[in-house]
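The values are calculated or read from the model by the stated rules, or taken from the named source; none is laboratory data. Keep in mind that this is a model prediction, so the values were computed, not measured. Positions of Cβ are generated from backbone atoms using ideal geometry, with glycine treated the same way; all protein chains shown enter the neighbour counts. Heads up: the accessible areas ignore ligands, DNA and RNA and are worked out on the full protein's heavy atoms, side chains in. Shrake-Rupley method; radii C 1.70, N 1.55, O 1.52, S 1.80 Å.
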Amino acid sequence: MFGRIVMDVRAERFDEPLEERKRAHGKDARDTDLTVDDLKALVDEFKAVVKKDSGRNFPSDPLEQLDLAIKAVFASWFGKRANDYRNSQKIAHDLGTAVNVVTMVFGNMGDDSGTGVAFTRNPNTGEDQLFGEYLTNAQGEDVVAGIRTPSPISQLQQDMPAVYDEFNRIGRQLERHYRNVQDLEFTIERGRLYMLQTRDAKRTAAAAVKIATDMVDEGVISSEEAVGRIEPAQVDQLLRATFDPAALKTAKRIVKGLNASPGAAVGRAVFDADVAVDWVNRGEKVILVRIETSPDDFHGMAVAEGIITARGGATSHAAVVARQIGKPCVAGSSALDVNYGAKSASCSLTGIDFKEGDWLSLDGTTGDLYLGELPTVSARFEDQPELQRILGWADGIRRMGVWTNADKPEEAAQARSYGAEGIGLCRTEHMFREGERLEIVRGAILVANAATRAKAKAASGESLTDDENESVATFDAAMAKLEVLQQGDFEGIFKAMDGLPVVIRLIDPPLHEFLPNLEEQLVKVTRAEDAGGASEEDEDLLRTIKSMHEQNPMLGLRGVRLGLMIPDFVKVQTRAILNAQIKVKQAGGNPIAKIMIPLVGHVNELARTRELLDAEAKAVESKAGVDVDYKFGTMIEVPRGALTADEIAREASFFSFGTNDLTQMTFGFSRDDAEGGFLLKYVEDKILPFNPFQTLDDAVAGLMKIAVDKGRATRPGLEVGICGEHGGDPESIAKVERIGLDYVSCSPFRVPVARLAAAQAVLAGAAVRDK
C-alpha cells in the first residue's frame, strides 16, 4: 500500500508475487494461508519491486515513512481522480485536504481480530438495517481492495456477538448525533472494538428519498431538512431509465460527449432520420447518429430511443429538442467521425467504430456512448410515494411557481402530472414542423415577401397584377390552412392545462429554418441541370433560400422583426390562439392565454406589434360576440431590452426571460458554434467557471435584475418568469430566486427537479439571512 500510494508503484506489480506465493499453497489459497517464511520472502520481493520501479530503496526510517505518507495525502488533492470528482460534484478546488495522524490498531492479530466497513442504513435501498462487510484477521485495505471476499456484517453477530452488539449501539448513537446515515469504518483488535471513522454516507437516489422521509417520520429531522438533503440530480435520476451498474463495469465505451439530455437509451445505430422512421415502423429500436441535427431531422428524433451528435452544445437543436421530448441525448462528441456515405462512425480516441445496425447504448446523464446492448432499469413517477412526499414538502416551501415548456397536449399533460403549474413557453413554430404542415409553411414562405408587398400596394389603392394576385391568393390559402391547424393545437393545450396559464410565443426563428439547407438545394439543382434540367419548383425554392440567406441569422429577421415585416404570420397565430380560447371556454373549460412577442429590443417594436395584434383581437371578439381574456407580454432576450425594461413595461403585461439568447448576446457568442468549439475548452482551462448556457452567468443575471427592477418600477406587480434552458438548472434557479422572479419554466421532465430546487433556493436564502 505504501509503495502504491506514496512511491507510485503500480498495484499489479505487488499482486504478481503475492499470487504466485498463494498458488504454491493450492488454487483456492488465501493470503492468510501464507506462512511466516512466505511473508518474509514476500517482503524481500516487494522491496525489490519498489527498488526497480521507483529507483530507490524502500525507506526504513519510521519518521521518513511518516513524512512521505503525509506528503502523499496532501499530494492526492491534486490527482486526476480527485480533480475529476471535484469537477463532477462542483466542489471548490482551493479547499485543500487535511491529514490525520493516529495510533495504529491491528485487525490481523488472529481470529479474534478483524476489520470492516458498514452503514447504519442500507445505502442502496434506504432500509433501516445495518449494512456492510467485514473480514476476520485482516486490515482495512483488504476489505476495500477486494483481496479477499468479505462476509456480511450480520455474520459478525455470530462470530463475535458482544462486539456486534457494541458496534450496532455505537452506530445508532452516531446516527442520532449527526442526524444522518453514517458510513463507518472499524477494526477489532483481540476482541476490542475500535471506531476508525464516521462520515455522512453516500447513497443512491432511491435510498436518499426513503431515508429522508423515514427520518422525518421518526422525528429525527424536519421536512425542511429532508427537502434540503435531496440533490436535484437525484430527482432526475429517479425519473430516468438508467443502465444496470453491474453491466457498466464491463461495458465498452466508444466516446464521451456533452450530457445534453439525461436518461439511458438502447437501440441500433442509424444515420438518417427517414431510415430511423422506417426501422421503427418495422419494430426496431434505434439510436439516431448525426453530425448535427436540424428541424428536418425531427421526425427521426421523435421515434429514436436517443440521439448523439458530433457537433453542438447544450442549447443546440439536438439538445433542446431532446430535452423537450424527453429523449436521452449526447451532443458535441467531437472525437466521433460520422461518415454518412459509409453509414458508419468511428472514434479517434478509442479507435472503436460502428456501422448502421450495430447495437449502441447511450447514457445522456453522463454523456457516454457504449458499444452493444446494455440492460436498463426504469422508474415511474407515480410509483414513487417517497419522492412525491418530498416534492409535496418542497411545494410548501418554495415561493416561485414551476411551469413547463410544452408544445403539444401530451407534453402539457405529462408536465402537469409532474406538478407543473402552467406553461411558460409554448413554441408555435415547433407545430409547423410536423407532417403536412412543413410543406404548407414552405409554400407560404415562397410567396410571403411578394404577397406582403402586394397587400401593401393594394392597401395604398394601387391595382395588382395577375402575378401579384396569385401570390396573395397562394399565401392566404396557406395561412388559412395553418390557422385551422394551429387553432386545433391550441385547443388541445388549453384543455390539457385547464385553469392554468399558458404563455404562447409567436413565431421566433428566421424563416430559412423551415427551408432546405442552401448548399444541399444548390447541389440538387446543379445536379438536376447537369442531368437535363431542374424543375421550376426546385429553382424557385433555391431563389427563395438565397433571398433569405443571412450571414448571422440569429441576429437577423426573426422574432418581433419578422412579425413586423410579414405581419400575417403573427396575425394568423393570434387569431388561432383567441379562437381556440373561445371554443374551449364555450365547452366549459377555463383557458388562460398569454401571448408573448419575442426578441424585443426597442419599445417601438412592441408598440407597433401591439397595434397590429390588438386590432386582430378586437376583430375576433367582434366576430364571436364575446370578450376574450388575454394578455400581451414580451421575451427579454436582447440586452437593450433589459436595459430599457421600464419603457417596454408600458406595452407589456408580463416579461419572460429567454436566457439562451440573452446569454448569447451578452457574451457575443454564437452558442452553437461556441459549445461545439472553444467554450468547452474555456471551461476546461478555467477561463470560465462553467458553461454559461447551462448555468446562468452572473453578468446575465445582473441584466435580469436591472430589467426586473425597471419593469416593476413602471408596472408594479409585473409578472416575470424565465423560460430558457436555465429554468431547469438548480444553480440558475437559486439565482433567479434572489432576483425575485415569479416562476421558472422548464422542459416537462425537469419539472420535479425545479420544484425541489426552487424550495432549496428559499431555504438557502433563509440560511443566509439567519447568519
Next on the checklist: Please compute the modelled spin-label separation between residue 464 and residue 97, points set 7 Å along Cα→Cβ, answer in nm with one decimal.
Outcome noted: 7.6
Checklist entry - Hey, got a sec? Which GluC sites (Glu not before Pro) in the stretch 408-506 land in a DSSP loop and have at most 11 other Cβ atoms within 10 Å? => result 436, 462
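With viscosity set to 1.306 mPa s at 10 °C, what whole-number translational diffusion coefficient in µm²/s follows for the stretch 406-498 from Stokes-Einstein and a Kirkwood radius over Cα pairs?
Working: Rh = 15.1 Å.
Roughly 105 µm²/s, to the nearest whole number.
How much net charge surrounds residue 300 when only other residues with a Cβ under 10 Å from its Cβ are counted (Lys, Arg +1; Asp, Glu -1)? Working shown, then result.
Working: positive: 290; negative: 272, 274, 278, 296, 297.
Neighbourhood net charge equals -4.
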Checklist entry - Helix 568-586: angle to the longest alpha-carbon principal axis of the chain, degrees 0 to 90, nearest 10? => result 80
Item to check | Folded to 0 to 90 degrees: helix 536-548 orientation relative to the chain principal axis, Cα | outcome: 70
Checklist entry - Per residue, what volume in Å³ does the convex hull of the Cα atoms of the stretch 567-613 enclose? => result 70
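Per residue, how much accessible area does the chain have with a 1.4 Å probe, in Å²? Before the final figure, lay out the partial values.
On the way: 35920 Å² over 771 residues.
Computed with neighbouring chains in place, this is 47 Å² per residue.
Please give the direction-averaged projected area of the C-alpha convex hull for the stretch 337-425, in square nanometres with one decimal. Write down the numbers at each step before the final one.
Working: hull surface 38.4 nm².
If you wrap the Cα atoms of the stretch 337-425 in a convex hull and average its projections, you get 9.6 nm².
Can you give the FRET efficiency for residue 23 and residue 246, using 1/(1 + (r/R0)^6), R0 = 35 Å, r = Cβ-Cβ distance, to the nearest 0.05? Write down the numbers at each step before the final one.
Details: r = 28 Å, r/R0 = 0.81.
After rounding to 0.05, the efficiency reads 0.80.
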Next on the checklist: If you wrap a convex hull around the alpha carbons of the chain, what volume per residue comes out, as a whole number of Å³?
Outcome noted: 207
Item to check | With 5 Å bins from 0: P(r) over the stretch 1-111, alpha-carbon pairs, percent | outcome: 2, 9, 15, 16, 17, 16, 11, 8, 4, 1, 0
Item to check | Phi to ³J(HN,Hα) by Karplus 6.51 cos²θ - 1.76 cosθ + 1.60 over the stretch 339-344, Hz, x for Gly, Pro | outcome: 10, 5, x, 8, 6, 8
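Of the heavy-atom accessible surface of the chain (probe 1.4 angstrom), what whole percent is carbon and sulfur? Before the final figure, lay out each step's value.
Values: 17820 of 35920 Å².
Looking at the chain in its full context, I get 50 percent from C and S.
Largest first, how would 39, 506, 703 line up by accessible area (1.4 Å probe)?
Working: 39 85, 506 0, 703 25 Å².
My answer, sorted largest first, is 39, 703, 506.
Contact order normalised by length for the chain, with contacts defined as Cα pairs under 8 Å and 6 or more residues apart; what percent is it?
Values: 1435 pairs, mean separation 77.7, N = 771.
Across the chain, relative contact order equals 10 percent.
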Checklist entry - What are the trypsin sites (Lys or Arg not before Pro) within the stretch 1-77 that DSSP puts in a loop, where the Cβ has at most 10 other Cβ atoms within 10 Å? => result 27, 56
Checklist entry - Assuming R0 = 35 Å, what is the FRET efficiency of residue 8 and residue 731, from their Cβ-Cβ distance, to the nearest 0.05? => result 0.45
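Counting helices only, and only those DSSP H runs with n ≥ 4, report the 222 nm mean residue ellipticity of the chain as the sum of -39,500 (n - 2.57) divided by its residues, in deg cm²/dmol to the nearest 500. Could the numbers behind the result be given before it?
Details: 32 runs with 373 residues, N = 771.
Helix contribution divided over all residues of the chain: -15000 deg cm²/dmol.
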Checklist entry - How many percent of DSSP beta bridges within the stretch 248-398 run antiparallel, rounded to 5? => result 70
Checklist entry - Using bins 10 angstrom wide from zero, how does P(r) for the stretch 281-395 break down, in % of all Cα pairs? => result 12, 41, 29, 12, 5, 0
Next on the checklist: When the expected Rg is taken as 2.2 N^0.38 Å, what fraction or multiple of it is the alpha-carbon Rg of the stretch 155-278?
Outcome noted: 1.58
Checklist entry - Put a dot 7 Å past each Cα toward the Cβ at residue 484 and residue 388; how far apart are the dots in nm? => result 4.2
Item to check | Distance (nanometres) between label positions extended 7 Å along Cα→Cβ at residue 410 and residue 540 | outcome: 3.4
Item to check | Helix 603-624 vs. the chain, principal-axis angle (Cα, 0 to 90°, nearest 10) | outcome: 70
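With a sphere of radius 15 Å drawn around the Cβ of residue 682, what net charge do the other residues whose Cβ falls strictly inside it have (Lys, Arg +1; Asp, Glu -1)?
Values: positive: 671, 681, 686; negative: 673, 675, 684, 685, 697.
After counting each charged neighbour, the total is -2.
Would you mind checking 90/252; 481/618; 457/585 for any pair whose Cα atoms are more than 32 angstrom apart? Walk me through the intermediate numbers first.
Values: 90/252 27 Å; 481/618 22 Å; 457/585 39 Å.
In this structure, 457/585 exceed 32 Å between Cα atoms.
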Checklist entry - Which residues in the stretch 718-752 place their backbone N less than 20 Å from a point set 7 Å from the Cα of residue 395 along the Cα-to-Cβ direction? => result 728, 742-752
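With Rg and the Kirkwood Rh both taken from Cα atoms, where does Rg over Rh land for the stretch 214-349? Mind dumping the intermediate values first?
Working: Rg = 18.1 Å, Rh = 16.4 Å.
Checking Rg against Rh, the ratio lands at 1.10.
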Checklist outcome for this item: Among trypsin sites (Lys or Arg not before Pro) in the stretch 354-449, those in a DSSP loop whose Cβ has at most 11 other Cβ atoms within 10 Å are 380
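Between residue 627 and residue 523, take the C-beta separation as r, use R0 = 60 Å, and let me know the FRET efficiency to the nearest 0.05.
The value I calculate is 0.65.
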